[in-house]
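Notes for the one structure printed next.
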């Protein structure tokens, strides 16, 4: 431990002396899945998409929504880093949250499709 030269009661702990657990970032609990209406409302508010594009729950439809979310995130990040007056932290957080949910839903859809495809026809039936 080293003390700051100008303050006698301030103590600085350096990374090599701090316990490993204190340095690790706490893991956030996953958000509960959204209902379809909540998802449509939130995405409709955040993204310039038609309702039929938001309602498409196929793998291709999910990819389209994710790509649109990523584009909106890039724009919002750029605004924030530039100090633009139109940057909105709440919108940025909502975009990130929606992006994570959509990625998780896409992952589940891909796994479900792979499991369905791997099962194949039931035994005893011609393929």
task = Report whether or not residue 74 is loosely packed, with under 14 Cβ neighbours inside 10 Å and modelled with pLDDT of 95 or more.
result = yes
query = If you go through region 39-66, how many residues are part of a helix (DSSP H, G or I) and surrounded by 11 or more Cβ atoms within 10 Å (Cβ to Cβ)?
reply = 17
message = Among (1) surrounded by 13 or more Cβ atoms within 10 Å (Cβ to Cβ); (2) in a helix (DSSP H, G or I); (3) at pLDDT 95 or above, there is one condition residue 87 misses while meeting the rest; what is its number?
response = (2)
remark   = Selection from region 21-46 of residues in contact with a helix residue (DSSP H, G or I) (Cβ under 9 Å, 6 or more places away or on another chain) and at pLDDT 60 or above yields 31, 33, 34, 36, 39, 40, 42, 43, 44, 45, 46
request  = Could you please find all residues in region 41-69 being under 12 Å from residue 99 (Cβ atoms) and touching a residue at least 40 places away in the same chain (Cβ under 8 Å)?
outcome  = 42, 43, 46, 62, 66
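The values are calculated or read from the model by the stated rules, or taken from the named source; none is laboratory data. Worth saying up front: this structure is predicted, and the values here are computed from it rather than measured. Quick reminder, even Gly has a Cβ in these numbers, built from the backbone with ideal geometry, and neighbours come from all protein chains shown.
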